[in-house]
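Structure record follows, encoded as structure tokens.
What follows is calculated from the coordinates using simple rules that are stated; it is not laboratory data. This is a predicted model, so every value here is computed, not measured. Don't worry about glycine lacking a Cβ; one is built from the backbone with ideal geometry, like all the others, and counts go over all protein chains shown.
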Amino acid sequence: MNSGTATGTGEFHALPVAAVAERLGVDPRRGLSAAEAGTRLSRFGANTVSVPAGPGPLRRFLVQFHNPLIYVLLLAGVVTWVFGGHVDAGVIGGVVLLNAVVGFVQESRAQRALDALSTMVPVTATVVRDGVPRRIPAAELVPGDVVELAAGDRVPADVRLAEVHLAEIDESALTGESVPVVKSVDPVAAAAPVADRAGSAYSGTLVTRGQARGLVIATGGATQLGDIQHLVATAEAVTTPLTRKLARFSRQLSFVIVAVSAGAFVLGVVRGTPAPEVFTAVVALAVGAIPEGLPAAVAIVLAIGVVRMSRRGAIVRHLPAVETLGGTTVICTDKTGTLTRNRMTVTTLAAAGELVPVAGAELRECLVAGVLCNDAELDEGDPTEIALLGSAIEAGLDPAALRAAAPRTETVPFESETRMMTTVHGSVGYLKGAVEEVAARCVTEVLPGGGERPLDREALDRLHRTLTAQGLRVLAFARLAPEPVLLGLQAMQDPPRPEAITAIEACRSAGVDVKMITGDHAGTAVAVAGAVGLADSPRVLTGAELAELPPAEFDDAVAGTQVFARVSPGQKLELVQALQRRGHVVAMTGDGVNDAPALRRADIGVAMGAGGTDAARQAADMVLTGDDFASIEAAVRVGRGVFDNLRKFIAWTLPANIGEGMVVLVAILFGATLPIVPVQILWINMTTAVFLGLTMAFEPTSPGVMRRPPRPPSRPLFTAALLRRVVLVSLLLVVAAFGAYRLQLGLGEPVAEARTTAINVFVGVQAAYLLSCRSLDRPVLRAWPGRSRMFALGIGLTAGLQLLLTYVPVMNSWFHTAPVGAGSWLWVLGAAVAAFAVVEADKLLWSRFTGGAAGEDRPRPGPPRAASRRTGGMRVLRGTGSRSFRR
Ligand code: ATP
């Protein structure tokens with residue numbers, strides 16, 4: 001496992017780098033050889049910190065019995081046994097056991113689904129081996145490895161730093177110190193505490209700025225982080241606000257049911273029924289009526305949603321996100337990589353107000369600057385920078401030779417805030433970045449044919465606008481010494497993702513507003529917004545304009561704008577907050593370190609799995625494996641489907657529970673003989689909850705989910721319409737069971753046969769209602785969600801079980817049932833059909849009354865839709881949407 005410590009790690013922070021390298025047996029420039037790394041890996045083990053295991057299976061199984069209801073049931077079993085009902089007592093015992101098994105299996109399943117997902121988020125590290133930098137899984141690091149770190153990375157192991165460029169590291173995970181620490185390569189005193197060891201970086205901490213390179217001194221459990229394993233042992237429990245709400249609801253309902261049961265018990269005894277008999281009946285009432293399995297079932301429905309989302313490229317890191325996703329009203333998305341492919345190609349060069357072909361090499365120095373002021377290799381690195389290598393090659397230059405001829409002596413790395421990068425190569429320096437930034441620092445510009453002239457800012461502006469209007473990302477290049485001179489522009493194309501276009505279309509029809517937030521130029525942003533169908537003539541706000549908005553107008557302006565350009569990561573947080581103040585449920589994408597606060601604050605923080613930083617992934621609720629916008633749309637779709645399935649499950653299960661309880665209650669209240677006796681109630685409860693109820697978790701997402709507006713965040717799970725349905729079906733069940741029983745007795749059937757018919761009728765009605773629940777609000781035959789294997793399987797198994805219960809002698813003696821004739825089954829069929837018809841008629845009637853679909857899925861006024869077609873113009877700013885200044 002993880003004992004990866006090299007000898008004497010204790011003092012590494014106090015030694016000069018050369019001494020550390022010698023002790024670790026590594027050349028700090030070439031790194032370890034692949035063979036040596038392999039040997040060390042088997043010696044030191046994987047670079048993982050093991051998470052302490054949760055409670056073992058036995059314990060988790062026993063916990064299932066820790067439930068007041070089960071205690072009561074067991075007590076009932078004992079009482080029944082004492083009074084001679086050995087078979088009944090056995091059945092009660094069996095039910096208790098079955099309940100525990102089902103609960104155990106359900107929980108394990110949900111937990112497994114989540115565990116599997118948490119390991120899917122890849123954690124990689126850049127390591128130099130055999131002199132070549134490469135990305136490998138962080139788990140494969142060994143002591144002595146040379147790793148490269150850059151802003152946004154999580155430090156993958158404990159590292160002695162050998163080279164730093166303005167590196168700062170957030171060590172709060174380890175030291176609690178929230179201010180990032182400036183790093184150096186110098187040794188510190190041997191006694192220095194971790195927080196003061198400037199020359200080292202520790203596993204689990206975050207690089208917030210700059211770059212660094214260092215030697216791995218400890219891995220896995222031997223790291224400082226390993227020492228405090230409890231930090232990572234925060235395994236998340238399978239609860240969400242929704243499951244907690246439901247658990248509370250179940251508890252409240254339980255109190256009511258226990259009170260009713262106690263009353264029924266007293267009444268029954270007063271009426272002269274023998275106490276043990278009433279007691280068992282009352283216990284059956286309680287067990288039947290209390291929806292014990294609800295929270296667990298909800299967790300399963302959510303977990304299945306998680307699995308479905310992962311198939312669409314969206315990995316949910318926190319279970320509650322599944323719920324939230326379904327209610328998303330706004331998606332704020334990046335441009336590059338999410339809406340576009342992030343495959344850039346330089347299509348045009350320009351200088352001194354003129355366009356210049358790439359292949360002509362007229363702007364040689366501009367191309368050279370693009371190669372030198374560049375961290376990418378042809379096959380690895382920032383796609384923007386890769387494109388710059390491409391243009392140089394197209395013009396006949398050799399990047400490797402250029403770089404060898406002018407080695408870099410200093411670097412100021414690119415940051416989203418500055419939008420620039422500078423490199424120095426001996427006596428010459430190059431600057432590249434956003435056109436505005438670079439131009440602001442230049443006084444002269446080169447001419448394509450040679451020579452220089454004073455910078456013509458107007459011509460530059462015109463040129464810049466022409467290029468960005470084509471959706472091109474434009475970078476400017478300058479030589480820094482002796483006087484900064486503008487070398488030219490390179491404009492690159494990044495084609496939109498076709499799947500993003502479809503996904504945006506789907507979002508718009510689903511009433512989900514899509515906003516683009518980009519660091520790129522407004523012109524480029526608008527052109528791309530048009531190309532992906534985000535808005536035809538979107539409103540645009542730039543970061544600078546945002547900063548100047550009066551606070552009173554801020555929220556409205558943000559809500560009415562579709563494209564935000566030249567936005568700094570810090571402003572993303574303000575955007576999220578503004579939208580949330582307007583009652584929106586906000587999904588926000590981000591990839592950089594500085595996006596973390598916005599991702600945390602958003603209702604759904606979305607990070608990029610492929611292109612993003614560890615910092616962003618850590619702060620996010622969801623990670624997109626393919627960085628693709630379509631995955632967000634798919635997740636919203638699945639989230640809506642999950643919420644539908646939850647409502648279906650609840651709508652199905654509550655009447656079943658209440659009906660079971662009421663059958664017993666009514667019999668006790670009216671002193672009638674029970675149409676269904678306690679053990680039979682337990683049987684129905686256990687079999688239908690599992691084989692019928694859970695099929696709802698597997699219902700496919702209805703194709704219509706993205707054609708209706710988002711659910712208002714404030715809408716409760718139990719709407720009036722849902723409660724009405726629950727009451728109706730509960731009554732149907734009671735009437736059906738009593739009716740069947742009485743009718744059979746009236747026809748001269750013995751009690752056991754009559755009860756068997758009543759049970760089958762009860763289950764038949766439940767199955768018919770399950771069918772009806774496949775669409776809660778519309779007649780199900782019209783809104784048939786398609787074939788469902790689970791559904792067919794559930795109904796089939798339930799029918800099989802009822803046949804066993806009816807015809808197998810052992811079951812007959814255990815459950816007091818008896819074989820019945822064909823006529824009895826006709827009753828079952830008739831009752832099922834009748835109940836189905838009543839519920840369907842109810843749906844129709846209510847949609848007449850309410851003019852919509854039973855008041856559930858009616859379109860709503862909701863947050864204002866993007867006013868995309870209302871106002872044209874790129875920079876319509878202030879005074880937008882004055883219609884809603886009523887905060
Ligand atoms: P998006 O939101 O669409 O993903 P972004 O936020 O990633 O875009 P940034 O990468 O922050 O945009 O880039 C903002 C601006 O900085 C770009 O328009 C470009 O002018 C400049 N820029 C981008 N990459 C580099 C780089 N590697 N070196 C120098 N300047 C760059």
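Could you work out the per residue convex hull volume over the alpha carbons of segment 740-814, in cubic angstrom? Walk me through the intermediate numbers first.
Numbers: hull volume 7.9 nm³, N = 75.
Roughly 105 Å³ of hull volume per residue.
If you rank Asp153, Asp842 by fewest surrounding Cβ atoms within 10 Å, what's the result? Present the calculation step by step, with values, prior to reporting the outcome.
Numbers: Asp153 26, Asp842 18.
Neighbour counts put them in this order, fewest first: Asp842, Asp153.
Once label points are set 7 Å from the Cα along Cα→Cβ at both Leu844 and Arg715, what is their separation, rounded to one decimal in nm?
2.4
Please determine, in degrees from 0 to 90 and to the nearest 10, the orientation of helix 383-394 with respect to the longest principal axis defined by the Cα atoms of the chain, where the helix direction is its Cα long axis.
Roughly 40 degrees between the two axes.
At 37 °C and a viscosity of 0.692 mPa s, what translational diffusion coefficient does Stokes-Einstein give for segment 438-490, taking Rh as the Kirkwood radius over Cα pairs? Give it in µm²/s as a whole number. Before the final figure, lay out the partial values.
Working: Rh = 11.4 Å.
Here the translational diffusion coefficient equals 287 µm²/s.
Over the alpha-carbon set of segment 770-844, divide Rg by the Kirkwood Rh and report the Rg/Rh ratio to two decimals. Intermediate results must be reported in sequence, preceding the final value.
Values: Rg = 15.5 Å, Rh = 14.4 Å.
When Rh is taken as the Kirkwood radius, the ratio is 1.08.
Which length gain, in nm to one decimal place, applies between Glu452 and Arg248 when the Cα-Cα distance is subtracted from 0.36 nm times their residue separation? Don't jump to the answer; show the numbers that get you there.
On the way: separation 204, 0.36 × 204 = 73.44 nm, distance 7.57 nm.
Fully extending the segment from Glu452 to Arg248 adds 65.9 nm.
So, by mean Cβ neighbours within 10 angstrom, what's the order for 272-285, 702-715 with the highest one leading? Intermediate values should be presented prior to the final figure.
Working: 272-285: 19.6, 702-715: 16.2.
Output ranking for 272-285, 702-715: 272-285, 702-715.
Gap in Å between the Cα centre of segment 537-562 and the Cα centre of segment 455-487?
26
Which value results for Rg/Rh of the chain when Rg is the Cα radius of gyration and Rh the Kirkwood radius based on the inverse mean 1/r?
Values: Rg = 34.0 Å, Rh = 31.4 Å.
My calculation of the ratio gives 1.08.
State the percent of C-alpha pairs, over all pairs in segment 411-469, separated by a distance greater than 18 angstrom. Walk me through the intermediate numbers first.
Working: 794 of 1711 pairs.
Taking all Cα-Cα pairs of segment 411-469, the fraction more than 18 Å apart is 46 percent.
For segment 553-690, take every pair of Cα atoms, bin their distances at 10 Å starting from 0, and report each bin as a whole percent.
For segment 553-690, the pair-distance distribution reads 11, 26, 20, 11, 13, 12, 6, 1.
At 37 °C and 0.692 mPa s, what whole-number value in µm²/s does Stokes-Einstein give for the translational diffusion of segment 660-718, with Rh from the Kirkwood sum over Cα pairs?
On the way: Rh = 15.2 Å.
The Stokes-Einstein estimate is 215 µm²/s.
Just need the Rg to Rh number for segment 693-843, please, alpha carbons only, Kirkwood Rh.
On the way: Rg = 17.8 Å, Rh = 17.1 Å.
Result: Rg/Rh = 1.04.
Could you work out the relative contact order of the chain? I mean the mean sequence separation of Cα pairs under 8 Å and 6+ apart, divided by the number of residues, in percent. Working shown, then result.
Numbers: 1742 pairs, mean separation 107.2, N = 887.
12 percent.
Can you tell me the length gained on complete extension of the stretch Ala404 to Arg311, counting 0.36 nm per residue apart and subtracting the Cα distance? Let's see the in-between values first.
Values: separation 93, 0.36 × 93 = 33.48 nm, distance 4.54 nm.
Full-extension gain reported as 28.9 nm.
Label points 7 Å out from Cα along the Cβ direction at Arg787 and Glu437: separation in nm?
Simple spin-label model gives 5.7 nm for this pair.
What's the Kirkwood radius of segment 123-207 in Å, using all Cα pairs?
Details: mean 1/r = 0.0758 Å⁻¹.
Radius from the Kirkwood sum: 13.2 Å.
How far apart, in nm, are the 7 Å Cα→Cβ label points at Arg581 and Ala19?
A separation of 5.7 nm, rounded to one decimal place.
Cα axis of helix 294-311 to longest principal axis of the chain: angle in degrees, 0 to 90, nearest 10?
On a 0 to 90 degree scale, this one is about 40.
With +1 on the Cβ of every Lys and Arg and -1 on the Cβ of every Asp and Glu, and nothing else charged, how large is the dipole of the chain about its Cα centre, in debye rounded to the nearest 20? Walk me through the numbers before you get to the answer.
On the way: 82 positive and 78 negative charges, 707 e Å.
Here the chain has a charge dipole of around 3400 debye.
Between Thr345 and Ala481, what FRET efficiency comes out of the Förster formula 1/(1 + (r/R0)^6) with R0 = 30 Å and r the beta carbon distance, rounded to 0.05?
Between Ala481 and Thr345 the formula returns 0.45.
Considering all projection directions equally, how large on average is the shadow of the alpha-carbon convex hull of segment 349-398, in square nanometres? Mind showing how you got there, number by number?
Values: hull surface 13.3 nm².
Dividing the Cα hull surface by four gives the mean projection, 3.3 nm².
Where the centroid of each part is defined by its Cα atoms, how far is segment 802-828 from segment 722-746 in Å?
What the calculation gives is 20 Å, centre to centre.
Suppose we keep just the DSSP beta bridges with both residues in the chain; what percent of those would be antiparallel, to 5?
Antiparallel bridges make up about 75 percent of those DSSP assigns within the chain.
For a Förster distance of 51 Å, can you work out the FRET efficiency between the beta-carbons of Leu803 and Val123, rounded to the nearest 0.05? Intermediate results must be reported in sequence, preceding the final value.
Details: r = 53 Å, r/R0 = 1.04.
For Leu803 and Val123, the calculated efficiency is 0.45.
Pop out the Kirkwood hydrodynamic radius of segment 450-609 from its pairwise C-alpha distances, inverse of mean 1/r, in Å to one decimal.
Values: mean 1/r = 0.0575 Å⁻¹.
Radius from the Kirkwood sum: 17.4 Å.
Going by alpha carbons, how many degrees (0 to 90, nearest 10) lie between the helix axis of 68-82 and the longest principal axis of the chain?
The helix 68-82 is inclined about 30 degrees to the chain.
Give the span of segment 262-421's Cα atoms along each principal axis, as three whole-Å numbers ordered largest to smallest.
107, 32, 27
Counting only residues 5 or more places away or on other chains, whose amide H sits under 5 Å from the amide H of Asn342 once H atoms are built in the peptide plane?
Amide H neighbours of Asn342: Gly337.
Using R₀ = 22 Å, calculate the FRET efficiency as 1/(1 + (r/R₀)^6) where r is the Cβ-Cβ separation of Ala837 and Arg724; round to 0.05.
Numbers: r = 17 Å, r/R0 = 0.79.
Rounded to the nearest 0.05, the efficiency is 0.80.
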